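Notes for the one structure printed next.
Any read-out appearing in this document is the output of simple, stated calculations on the displayed coordinates, not a laboratory observation. What you see is a predicted model, and the numbers here were worked out from it, not measured in a lab. All Cβ positions, even for glycine, are placed from backbone atoms using ideal geometry, and neighbour counts span all protein chains on display.
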Amino acid sequence: SPKFNGQIIDIGTGSGCISITLKKHLSQAELYGLDFSEKALEVAKNNAGFHQTKIQFVQADFLNMDFLTLPTFDLIVSRPPYIAEKEKSEMNQIVTDFEPASALFVPDDNSLIFYERIIEFAQQKLNPNGKIYVEINQNLPKETEELFQNNFESVTLKKDISGNFRMLKATNN
């Protein structure tokens, strides 16, 4: 596996699949998985144990927490809640039935709230030459890109297999 021995945080880790996958591929990295939900973190801990991956799980409300309790990071990854409540009716029921609402929805009037907070977090906790990878709302690629462009030198949007903008990468170099 590639040699990467930095610190990675997965914000909104949920069941832990992203942090577990990263730890499997980057075994030297130190991984943190942060989530608001105790229930989700119980599942994540079980999954990490099953996959024999050492991950530090942190239960915290990312929107309101004090970042001082966390170390600095070389990589921030997140699949944050980003679907406006008004979009709920257009969604596949399979998603809304099996994902907790807090993992999906944000207020209509502030659908970029988690990205704003990720940027604040990065300003305090992202190491020089660090990178951010976030999943984004396909309906707000330009808005999300502009938000990151105001704060980072290099911002790239990437499309998913359906051709929708789905991922954003930001770096300060």
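Give the shape of region 3-52 as rounded, prolate or oblate, defined through the alpha-carbon gyration tensor: a ≥ b ≥ c are the square roots of its eigenvalues, a/c under 1.5 means rounded, and otherwise the shape is prolate if a/b is larger than b/c and oblate if not. Here region 3-52 falls in the oblate category. FRET efficiency for the N46 to I161 pair, using the beta carbon distance and R₀ = 30 Å, is estimated at 0.50.
Checking the Cα-Cα distances for K3/K45; K131/K159; K45/K158; K3/K23; K23/K45 against a 21 Å cut-off, the pairs over it are K3/K45; K45/K158.
Between A60 and D35, F36, the built amide H atoms are under 5 Å apart, and every one of these is 5 or more places off in sequence or on another chain. Maximal additional length on extending the T69-F4 stretch stands at 21.1 nm, based on 0.36 nm per residue less the C-alpha distance.
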